[in-house]
Each structure stands twice: as structure tokens, then as C-alpha cells.
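Engineer: After the C-alpha cells below, expect a handful of questions from me.
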Amino acid sequence: MLVGAILFPTGLPTSYYAARYGVDIDLMTRGAGFGYLGSTITSLIYASFTFIFFALEAAILALALEFTMGLPIFIGYVVSPLVVIPIVVHGFSKTSAFHTWTQPLRVLLHVLPFGLLAFVGYDSDAWTSFPVNTDIPEGARLMMLGAASGVVFALIAQIGEQVDFLRFLPEPKTRAERRKWWMSLLVAGPGWSVLGVLKMIAGSYLVTLAIRESVPLENASDPTWMYYVAFDQALGNPALVLGLTGAFVVLSQLKINVTNAYAGSIAWSNFFSRLTQSHPGRVVWLVFNVAIALMLMELGVFTGLEHVLGLYSHVAVAWIGALVADLVVNKPLGLSPKGNEFRRSNLHDVNPVGIGSMLIACVVSLLAYAGFLGPEAMAASSFIALIVASALAPVIAYATRGRYYLTQVDAGLGDPGLRDCVVCGYGFDGEDMTECPFHGGTICSLCCTLDTGCNDLCRPDGRFDAAVNALIFDRLPAPAARAMTSRLARFIAATALVSATFGLLLLMIRNVAGAPNFDAVLTVIFGTVMIVIGISVWMFILIGESRCNARAETERQPERLLQEVRAHDRTDRALQQAKEKAEAANLAKTR
């Protein structure tokens, strides 16, 4: 309930901006303090959320298939994730239709065991008087509260999946439609946290019921066991109980994973389209997301649920905290531009407002989570991530005076009709179009994202490398600036940054695990991975330089051809003049 009271106000502004401007969580993040390339980090965070929970839900489905049908668990691990692909492959329309037709049955099966237990008059003392360990000191209780909060806080990224559907909410035209619009927004957006809290409270009742009926502790939190015990207490017919349990768990997990798979495919598409500037299609990333989830299931992600979600929650909370602070503080105060800008031509690659506040919040909260800041900070590490990110976003925006939000003020081609893209030829709304000096016409945001030849001609000062070089050369003497921007300096900086991140992760694993001889094992792992990181960074730098050289050579080649054509023209003119003179001389002789 504590975390749920925080999730609702964080989800409300995010849902509003998504429905108001028709954008998903990635496009919203771009203009809300993270920048064009900065939002790729949050796309990776969101994609991680989808495949982590996809793997968890698919593992629950596999366990349900084993429990109700006797299907071997290793086969269930393969069937559970793959079965959603035929539904999600057709996009939003089929996904929405699947949810619409199956929702009444799922709601009925969801509340049926509680209604049956109330009808038969089952005693609820097993829940209200559940025995607790009175020997636990108060400090340990605080640690338990922090651990539980960290797990629940991992659900904060769920608002991204709600936004993926809310962006299609039609714009209201009348007062009655506006009331319905707000009701739909509240229920389908931040309202998920209310239902989530109620479901967790109901789940706590079913857990105590399962423990009372001698279900082993390691199985008591499995939804299949929980609902099986509830139906069995009310009905007593083994075949009917097994059928209802299987129908509910299978349908619930399918509905959840259809949404996870759809949202994950969008997140991976956004992530790779900006890094690789290619877009093979959403179906490719759908299969990719399912494959990652399948690997996590085989690695036993369900058994390490607490550690996985507890660690992930800090990153997710820092992201959403910085995003919400920009929407509810920076925009009303004028520290960031009004509206929501997501086009590449108008954005800086990296905005320190969102990226800086998120990274600092991650480092501070993860240090607290690892125990470096004391036991009290360890218990409140997720809250620290939210507070630090929310507080730093306005501070950084004020310090930078908002100059890293937009490279230019371009409201788009805001005429009511559609405009054709000069590259793909399709028609788009004016808000999705921009003038492209490279192609000499209007271009849609997707084609602008995938363009590799323009070299950001419309925003030369918005590129990350240009911004870094300008900052270094403005603040340092020329020799020092050249040394800091050299190939070796970039290699050392990138390798140190990635290695430090990986080392911090290993330190947290060490503090959480605490196994004997763990330090020696982690040292070997860190040394080995650092070599791989160094080689990868060096290859990345060389490939980047090779790409720049190839682009420069490509740009020089037309100029050389043009010079050659001009030289041929001059030669032709000289030959023509010589020919005319010779003909004139011959004509004079004949006369």
C-alpha cells in the first residue's frame, strides 16, 4: 500500500501526456529531459522490464501446465513464451481484440474463489491472525520493509505498458466525451496501481490459506497452488477444481504476456533503430524479446525473483522519477519546453537533465542497496532513487537553463492534412514531419531516424560528440583539449566507465550473496570481463572512425567527379574553340 500510494501520482502525468500527445513512453522520454540518444538507455530499461516479467509470467504458466496437465516443465518452458507470438505478430488490433474478448472470463475467474469462500463461510482467521516472528528486532523489520518495497517498486515501469495503449485514446470533442476521456485515462493509466495493490492484498490472503492447508512454503506463492487451494476449499470436486485453476492461470498469464511481448517489441525496435539506424520490423524484435525471456526461464529467473526485481527497481525508479519531475515541475516552471518534442531534427543527442539525474540516482541508490551507506539507507534504497532523481532533474534543468532540450524551435508542418515524406512517400500528420535540408523536402520522423547519410546536417550542434568537443575546447587549452579528444583518451574513458559499472554490479552481488571465497571468484570474473570490455571498446572506436572516414570519402567522391566533369567541359570547350579557329583559318585560305 505504501508503494502503491507512490505509483499512482507517478503514473498520472505520464498517462496524461501519452494520451494528450499520442506518444509512447520512449517518445515521451526523448523530449522530457533525456534527448534523442539518451532515451535509448531508457528504452533498454523498459525492454528489460518486459522480458524479465515475460519470463516470470511464462515460468508461472509452465508450472501451471505441469500441475494441471502433467506437461514436463522443460517443454512448458518452450511452449509458454512461443504461444503468444501468433497473437502479437498482427499488432495492436489483434492484441486489443484478444484482451477485449477474454477480459470478462478472466475477471470472473479472478473473483470466483473469493466469492465461493465467502458463500461457504470460510474462516478468515488464517489471514488476519497469521503468526509472525516476534523475535525480529525493529531494525530487521525496517530491512524487510525495504526489501519488499524494492520488489514492488520494480512494477513502476508497468506504466510504460499502460501508455502503449493509452496513446490510442481518441481526443475528446464534447464535454461528455471529456469526462469519459478522463475516466478512461485514470482507470487504464495510474489506476493499474490500485488494482495491483488489491491483487497483492488478495494474494497475501491466498498465501496464508495455502500455508494453512500444508502447502510447502516454496510453493505457497505460486498462483497455481494458491487458486487450487481456494477452489478446493469451496468446491471439493477435484476435476472441477483442477479445470478452473488451469483455465484461470493459463488465461491470466497469456493476457499478461501478450502485453509484455507487444510492449517489448516496441521497446527493442526503438532501441536498435537509433543505435543501428535500421528497422527490420517489429516482428523481428518480438521474436528477439521472446528468445531472451526463454533463456531467462531456462536459467531459473523465477527462483531469484527477489534479487532480480530488487536490483532492477533502482534503475526503473530513477528513470520514472526523472521523467515525472520534468513533466510536473520543469514544464510548468518553464525550465523545459511545453508540449512533447520527439523528432530527431529538433533534439540534442543527450540532455543532462534526465540522463544526469537518472545516473546519479542510480549510483547513489545502488551504493545504498549494497550496504555502503548503512543499514537504514539500504532499506530505503528504492526511495532514495526516487527522491534523488526527482530532486536533481529541476536542479540540473535550472543550472543548464534548458539549453539542451531543443536544437531549434520547429512546431512541425501543422496543417490539418497529411504530408508526403520525401523518402518513403507515405503521408503523415504535420506533427510527425520536419523539413530536411539534406533531402530537400519534408521527411517523417521514422525515415529521419533511419537516415545514415545526412550526418545530422539539420542539427550539427546537437550531436553528442560535437557537444563534448565544444565543451572541452572551450574550457581547456588547445593541447590539453586535443589530448582529451584523442583516440587513446576516448578508449580509456569508455573502458573505465563500463568497467566501473560492471564492477559496481559485482560488488552488489558480493554484498548480497556473501558466499565463501566469493571475492576471488569475482576478481577473476572482473579481470576477464574487463579485457573483453577493452577489446570491444577499441573495436567500437575503430569502427566508428572507419565509418566517419567512409562517409567523408563518400562526400568527397561527388566533388571529385564534379571537378572531373568540369575539367572535361573545359577541355571540350577548348577543343571546340580550336576546331572553330581551324575551320575559320581553312575558310580564309580557300577565299
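Engineer: From the list D135, D164, exactly one residue is of a type in the set (D, E) and within 21 Å of the chain's Cα centre (by Cα). Which is it? Steps first, please.
Structural biologist: Working: D135 fails: within 21 Å of the chain's Cα centre (by Cα).
Answer to the selection: D164.
Engineer: Would you be able to say whether some residue in the range 49-68 is exposed (fewer than 15 other Cβ atoms within 10 Å of the Cβ) and either of a type in the set (K, R) or at pLDDT 80 or above (or both)?
Structural biologist: Let us first name the residues in the range 49-68 that are exposed (fewer than 15 other Cβ atoms within 10 Å of the Cβ), namely none.
No, that holds for no residue.
Engineer: Follow-up question, since we're still on this one. Filter the range 8-28 for residues that are touching a Phe, Trp or Tyr at 6+ places or on another chain (Cβ under 8 Å) and not acidic (D, E) and give the result. So that I can check it myself, show each step before the final result.
Structural biologist: Quick first cut of the range 8-28, residues touching a Phe, Trp or Tyr at 6+ places or on another chain (Cβ under 8 Å) only: 11, 19, 22-23, 25-28.
Within the range 8-28, G11, A19, G22, V23, I25, L27, M28 meet the criteria.
Engineer: In the range 385-398, which residues are under 18 Å from Y369 (Cα atoms) and either surrounded by fewer than 24 Cβ atoms within 10 Å (Cβ to Cβ) or among the polar types (S, T, N, Q) (or both)? Please lay out each step first, then the result.
Structural biologist: Step one: filter the range 385-398 for residues under 18 Å from Y369 (Cα atoms), giving 385-389.
Across the range 385-398, the qualifying residues are I387, V388.
Engineer: Please return the ranges of helices (runs of 4 or more DSSP H) entirely within the range 84-196 where 3 or more residues are closer than 30 Å to V287 by Cα. Working first, answer last.
Structural biologist: Values: elements: 85-88, 92-119, 125-128, 138-153, 158-166, 175-188.
Fully inside the range 84-196 and qualifying: 85-88, 92-119, 138-153, 158-166.
Engineer: Something else: Mind counting the residues in the range 197-243 that are surrounded by fewer than 18 Cβ atoms within 10 Å (Cβ to Cβ), of a type in the set (D, E, K, R) and assigned to a loop (DSSP other than H, G, I, E, B)?
Structural biologist: Residues in the range 197-243 being surrounded by fewer than 18 Cβ atoms within 10 Å (Cβ to Cβ), of a type in the set (D, E, K, R) and assigned to a loop (DSSP other than H, G, I, E, B): 1 in total.
Engineer: Is there a residue in the range 311-326 that is among the charged types (D, E, K, R) and in contact with a Gly (Cβ under 7 Å, 6 or more places away or on another chain)? Explain how you work it out, then say what you get.
Structural biologist: So the first thing to find is which residues in the range 311-326 are among the charged types (D, E, K, R), and the list is 326.
Adding the requirement that they be in contact with a Gly (Cβ under 7 Å, 6 or more places away or on another chain) leaves 326.
Scanning the range 311-326 turns up at least one residue that is among the charged types (D, E, K, R) and in contact with a Gly (Cβ under 7 Å, 6 or more places away or on another chain).
Engineer: From V364, V423, V388, which residue is in a loop (DSSP other than H, G, I, E, B), in contact (Cβ under 8 Å) with a residue 24 or more places away in the chain and among the β-branched types (V, I, T)? Don't jump to the end; show me each part of the working.
Structural biologist: Working: V364 fails: in a loop (DSSP other than H, G, I, E, B); V388 fails: in a loop (DSSP other than H, G, I, E, B).
Being in a loop (DSSP other than H, G, I, E, B), in contact (Cβ under 8 Å) with a residue 24 or more places away in the chain and among the β-branched types (V, I, T) holds for just one of V364, V423, V388, which is V423.
Every residue, every condition in (1) at pLDDT 85 or above; (2) assigned to a helix (DSSP H, G or I); (3) crowded, with 23+ Cβ neighbours inside 10 Å, yes or no:
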position	(1), (2), (3)
V308	no, yes, no
S313	no, yes, yes
A316	yes, yes, yes
G321	yes, yes, yes
A325	yes, yes, yes
V328	yes, yes, no
P332	yes, yes, no
S336	yes, no, yes
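The values are calculated or read from the model by the stated rules, or taken from the named source; none is laboratory data. As the structure is a computational prediction, the values presented were derived from the model and not from experiment. All Cβ positions, even for glycine, are placed from backbone atoms using ideal geometry, and neighbour counts span all protein chains on display.
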